[in-house]
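Note sheet for the following structure.
Each reported figure results from applying straightforward, stated rules to the coordinates on display, with no laboratory input. Since the structure is predicted, the reported quantities are computational estimates derived from the model, not experimental observations. Here Cβ is always computed from backbone atoms with ideal geometry, including for glycine, and neighbour counts include all displayed protein chains.
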Amino acid sequence: MSKLAVYFGTFIHSRSLTELKVLENAAVGVDKNGIIAFVEEKVDDLKAVLNKHKEFTSAPITRTKRGQFFFPGFIDTHIHASQYPNTGIFGKSTLLDWLNTYTFPTESSFKNLKTARAIYSQVIKRTLSHGTTTATYYATIHVPATNLLSTLCQTIGQRAFIGRVCMDCLGPEYYIDESAESSLAATEETIAHIEKIDPTNELLTPIITPRFAPSCSRPLLHSLAKLSADKNLPIQTHLSENTSELELVASLFPEEESYTHVYHSHKLLTPRTVLAHAIHLSDKEIDLIKQQQSKISHCPNSNTNLTSGFCKVRKLLDKKVDVGLGTDVSGGYSPSILDAVRQALGVSRSVAFLEKSPDHALSVEEGLYLATRGGAKCLGLEDKVGGFEVGKSWDVQLVGLNLVPELDEDGNLEDGGDPAEFAGTPECTVDVFGQTADWADRIAKWVYTGDDRCTRQVWVGGRSVVNKD
Ligand code: GUN
Ligand code: FE
């Protein structure tokens, strides 16, 4: 429960895949459950609005200052919380040797709950500080540490999908499930923990997590699909990330037509399945994913840095597959979804070049849609988060850009001072002296040059969870 609150000023959110909507002088009321109760646009007289919504007359008002705007919280549809200590450390490795060299040793250290507490607290706070209000986490195989991640998300206040990693094959001796049965039982324990601490899934949802096909036996894949069906739970896994991985899958599952068919045969392609990467797919595989209404988490930072390849996002979007963005920490080196937007735009331009077709390039608007409403759709949260509509949760970031002050008629700074002071400050300075950039330019500046310093305050479910001012 939080208190009634009113937010006033500039709000920006996606109207569609290709359009951002700027609401200036808007007022939004948020009820005690953190749900948006009213949205009033083009408000001349805030008092009159509050008189109309009587219970809000004495609610505190948070106003955007010049250069600030409310923006929906970001949604990270794929992040390994346990790999956070490894960000930036990958050398020239690619997926399969990266897993053995860097990933499994680090994940295995979460047997120690002190390690888990330190790292998990850090990753939750850090991602919130970057404006990520919903995160879809992979934990590790360890039940106590996975349960701790759930508890910490609830305590610190981040909406989260939390998956205990299932892997009864291919892992090293020191980091592997003993059997399909033990993997299933351990997963059930982590689901029971969330059912106990958050019975209505207010913030937390368990997510069934077969790591990827090569690390799961057929009985494990079958039993996890059954568990998801029995309990109506979402699923997350990796798909078609790296060409050596594709060869491995083909050798392990020779009876299957493709990597995607491995999951389909085991009933793991559901409307609640989030498939990370999905780079090297045939048209038939994309059509199968569309038919099953499964979702794709695009992880451009990881795909570039593990030399995995280029995901053709435009093709997925044209085929009406739902796509969200993932940081894929630590395949990706950044915990920021703003970075994922930027990298998605860059990768899409490389695809446009390679395919000799400018249509592949994504716009800033499209990138921000994927980061908010697109991610929400991937997680079945489209009625809950991603925009400013009545009935949605107040999962929001207050973004502040460093606008230069306005000039008076004589060309001097209105409040005095030296123009040089305002040139080149690192925090996303926009507007040229004497000219005011429009919101489209400001947003582009934010996407390409902004970072967590621009994220001034963050709320999840109406609760303020980050406040930098
Ligand atoms: N495939 C199987 N495990 C992983 C992982 O931890 N990260 C990435 N990027 N791909 C994987
Ligand atoms: Fe991953």
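Give 226/384; 290/377; 54/468; 92/319; 312/377; 290/356 a once-over and call out the pairs whose C-alpha atoms are over 22 Å from each other.
Cα-Cα > 22 Å for 226/384; 54/468; 92/319; 290/356; rest within.
What does the extension gain come out to for residue 437 and residue 61, with contour length at 0.36 nm per residue minus their alpha carbon separation? All intermediate terms of the calculation are to be shown ahead of the outcome.
Working: separation 376, 0.36 × 376 = 135.36 nm, distance 2.71 nm.
Computed gain between residue 437 and residue 61 is 132.7 nm.
Which ³J(HN,Hα) values in Hz, rounded to whole numbers, follow from the phi angles of the stretch 202-214 under the Karplus curve 6.51 cos²θ - 1.76 cosθ + 1.60, where θ = phi - 60° and Gly and Pro get x?
4, 10, 10, 9, x, 10, 6, 10, x, 3, 6, 3, x
In debye to the nearest 20, how big a dipole does the stretch 96-168 give about its Cα centre with +1 on each Lys and Arg Cβ and -1 on each Asp and Glu Cβ?
It comes to approximately 360 debye.
Can you list the trypsin sites (Lys or Arg not before Pro) in the stretch 62-169 that are in a DSSP coil and have 10 or fewer other beta carbons within 10 angstrom?
Filter output for the stretch 62-169: 92.
Starting from the amide H of residue 235, placed 1.01 Å from N in the peptide plane, find each other amide H under 5 Å away whose residue is 5 or more places distant or on another chain.
HN-HN under 5 Å from residue 235: 208, 273, 274.
I want the local charge near residue 18. Using Cβ-Cβ distances under 14 Å, sum +1 for each Lys or Arg and -1 for each Asp or Glu among the other residues.
Every neighbour counted, the sum reads -1.
If amide hydrogens are placed 1.01 Å from N in the peptide plane, which non-local residues have theirs closer than 5 Å to the one on residue 465?
For residue 465, the qualifying residues are 458, 459, 460.
Would you work out the charge dipole size for the stretch 23-132 about its Cα centre, treating the Cβ of every Lys and Arg as +1 and the Cβ of every Asp and Glu as -1, and quote it to the nearest 20 debye?
Rounded to the nearest 20 debye, it is 460 debye.
Taking neighbour Cβ counts within 10 Å as the exposure measure, how do 442, 314 sort from fewest upward?
Listing 442, 314 from fewest to most nearby Cβ atoms yields 314, 442.
When the helices in the chain are scored as -39500 (n - 2.57) per DSSP H run of 4 or longer and the sum is shared across all residues, what 222 nm value do you end up with, to the nearest 500 deg cm²/dmol?
Value at 222 nm, helices only: -10000 deg cm²/dmol.
To the nearest 20 debye, what charge dipole does the chain have about its Cα centre, counting +1 at the Cβ of each Lys and Arg and -1 at the Cβ of each Asp and Glu?
Numbers: 47 positive and 58 negative charges, 197 e Å.
Computed charge dipole of the chain: roughly 940 debye.
Cut-off under 25 Å on the C-alpha distance; same-chain residues fewer than 8 positions from residue 47 excluded. Which lysines are left, in chain and number order?
Here the lysines satisfying the reach criterion relative to residue 47 are 3, 21, 32, 65, 392.
Considering only the chain, what is the antiparallel percent among its DSSP beta bridges, to the nearest 5? Don't jump to the answer; show the numbers that get you there.
Numbers: 28 of 62 bridges.
If I count the DSSP bridges inside the chain, around 45 percent turn out antiparallel.
Positive end of the charge dipole of the chain (Lys, Arg +1 and Asp, Glu -1 on Cβ, about the Cα centre): tell me which of 70, 367, 379 has its Cα farthest that way.
Most positive-ward Cα: 379.
Which ordering of 263, 333 is given by a fewest-first count of other beta-carbon atoms within 10 Å?
Result, fewest neighbours first: 333, 263.
Amide H to amide H under 5 Å from residue 68: which residues, 5+ apart in sequence or cross-chain, H placed 1.01 Å off N in plane?
401
Where in the chain are the DSSP H helices whose C-alpha atoms run 18 Å or more along the long axis and whose mean Kyte hydropathy is at least 1.0?
Values: long enough: 113-129 (23 Å, -0.01); 143-156 (20 Å, 0.92); 180-197 (26 Å, 0.02); 218-231 (20 Å, -0.24); 337-354 (25 Å, 1.04).
Taking the DSSP H segments of the chain (at least 18 Å long, mean hydropathy at least 1.0), we get 337-354.
Using Cβ counts within 10 Å as a stand-in for footprinting exposure, how do 327, 270 rank, fewest first?
Ordered by Cβ neighbours within 10 Å, fewest first: 270, 327.
Between the stretch 316-369 and the stretch 246-294, what is the separation of their alpha carbon centroids in Å?
So the two Cα centres are separated by 21 Å.
Within a Cβ distance under 13 Å of residue 266, other residues only, what is the Lys/Arg minus Asp/Glu net charge?
Spelling it out: positives minus negatives among the neighbours equals +1.
What share of all Cα pairs of the stretch 269-413, in percent, falls into each consecutive 5 Å distance bin?
So the P(r) values, bin by bin, are 2, 9, 17, 20, 19, 13, 7, 5, 3, 3, 2, 1, 0.
In the neighborhood of residue 171, defined by Cβ-to-Cβ distances under 12 Å, what is the net charge if each Lys or Arg adds +1 and each Asp or Glu adds -1?
Value of the local net charge: -4.
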